[in-house]
Amino acid sequence: MMRRSAARLLLCAVACQLAALPLAAAPAQTAAASRGYIEHQGPPGSAALPFSDAVLSGDTLHVAGHLGIDARTGNAAVDPATEARLVMDAVRRTVEAAGLEMDDLASVTVYCTDLNLYDTFNAVYREYFHGHYPARAFIGAAKLLRGAHFEVAGVAVRPPRAPSR
């Protein structure tokens, strides 16, 4: 009986000590507090869409799928090379809005409705990078929104900062 009482007393003492310690923020709370959002900007007068163009979580930027939309028509450009340039310009605007550069992209996914446009897309794509290219997938898709041939999404990572002296 005496041993049980001593064990309970010890357990209560440890619990009281733990209760007095300050609690660290839960990882989920810390992560949510460090997120930044690049809001989607649709054409003037259009309804707000339920997604962000990108989410910056720590040093990682998650870029949503972008389309090469012609501002005059609200649809994809008719010429695939022009559409490829429009979609890559849209990705670059989003990446730069987060304070990063295209060369910070680590991974890119391209969805395409016609795999015969692979070379057309690549001719434009390579102009947006200096040095190493990000990892990339080029995936066939039956259909994309607004008649687009291409949709591009990616993940960029902020490079480490040089230590200050």
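The values are calculated or read from the model by the stated rules, or taken from the named source; none is laboratory data. Quick caveat, the model's predicted, so the values are computed rather than measured. As a convention, Cβ positions derive from the backbone with ideal geometry for all residues, glycine included, and neighbour counts pool all protein chains shown.
Can you tell me which residue is nearest to the chain's Cα centre (by Cα) among those in region 60-115 that are in a helix (DSSP H, G or I) and polar (S, T, N, Q)?
To start, the set of residues in region 60-115 that are in a helix (DSSP H, G or I) comprises 80-97, 102-104, 115.
If we keep only those that are polar (S, T, N, Q) too, we end up with 82, 94.
Numbers: T82: 24, T94: 10 Å.
If we take residues in region 60-115 being in a helix (DSSP H, G or I) and polar (S, T, N, Q), then T94 is nearest to the chain's Cα centre (by Cα).
In contact (Cβ under 8 Å) with a residue 12 or more places away in the chain, under 18 Å from I38 (Cα atoms) and in contact with a Leu (Cβ under 7 Å, 6 or more places away or on another chain): is that true of V91 in this structure? Don't jump to the end; show me each part of the working.
Numbers: in contact (Cβ under 8 Å) with a residue 12 or more places away in the chain: yes; under 18 Å from I38 (Cα atoms): yes; in contact with a Leu (Cβ under 7 Å, 6 or more places away or on another chain): no.
No, not satisfied.
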Surrounded by fewer than 20 Cβ atoms within 10 Å (Cβ to Cβ) and touching a His at 6+ places or on another chain (Cβ under 9 Å): does that describe A71?
-> no
When every residue in region 64-88 that is at pLDDT 95 or above and hydrophobic (A, V, I, L, M, F, W, C) is compared, the one nearest to Y37 (Cα to Cα) is A64
Matching residues, region 104-153, being in contact (Cβ under 8 Å) with a residue 40 or more places away in the chain, more than 21 Å from T82 (Cβ to Cβ) and not hydroxyl-bearing (S, T, Y) = D104, L105, A106
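Of the residues R126, R93, R85, only one is farther than 22 Å from D53 by Cβ and among the basic types (K, R); which?
Details: R93 fails: farther than 22 Å from D53 by Cβ; R85 fails: farther than 22 Å from D53 by Cβ.
On inspection, the qualifying residue turns out to be R126.
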(1) over 20 Å from the mean Cα position of the chain (by Cα); (2) within 24 Å of Q41 (Cβ to Cβ): which one isn't true of A162, the others all being true?
-> (2)
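Being part of a loop (DSSP other than H, G, I, E, B), of a type outside the set (S, T, Y) and at pLDDT 95 or above: is that true of G42 here?
Values: part of a loop (DSSP other than H, G, I, E, B): yes; of a type outside the set (S, T, Y): yes; at pLDDT 95 or above: no.
Here the answer is no, as G42 does not meet what is asked.
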Among (1) at pLDDT below 75; (2) of a type in the set (A, V, I, L, M, F, W, C); (3) in a helix (DSSP H, G or I), A25 falls short only on (3)
